[in-house]
Amino acid sequence: MSTETYTLKQAMERLGLQSANAFFQLERKYPQAFIVVKRGSSKDVRSRTGVEYDRAALDRFVERRQHFNQEKP
């Protein structure tokens, strides 16, 4: 794993999510924040083994999401 990427598990931890389903919902809703740097060798689309996400893009998304959540009354 590169220091410039997150694995699925690390991305979920960074986002504070416990459910893979919640992660995939966010990924579908905000595709620009979940830039895939590396795909696994698995041919199964549902298998996310070996997928790595861009760390900088995901970190920006997390910061904006946290800021937005703090702004809510």
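Each value in this text was obtained by applying a stated rule to the coordinates, not by laboratory testing. From a predicted model like this one, the values you see are computed outputs, not experimental measurements.
Less than 5 angstrom separates the built amide H of T5 from those of R55, all sequence-distant by 5 or more or on a different chain.
Multiplying the residue separation of R64 and R14 by 0.36 nm and subtracting their alpha-carbon distance yields 16.7 nm. The H on the amide N of K38, modeled in the peptide plane, is under 5 Å from the matching H of E52, each at least 5 residues off or on a different chain. The gain in end-to-end length when the V37 to F24 segment is fully stretched comes to 3.0 nm, 0.36 nm per residue minus the alpha carbon separation.
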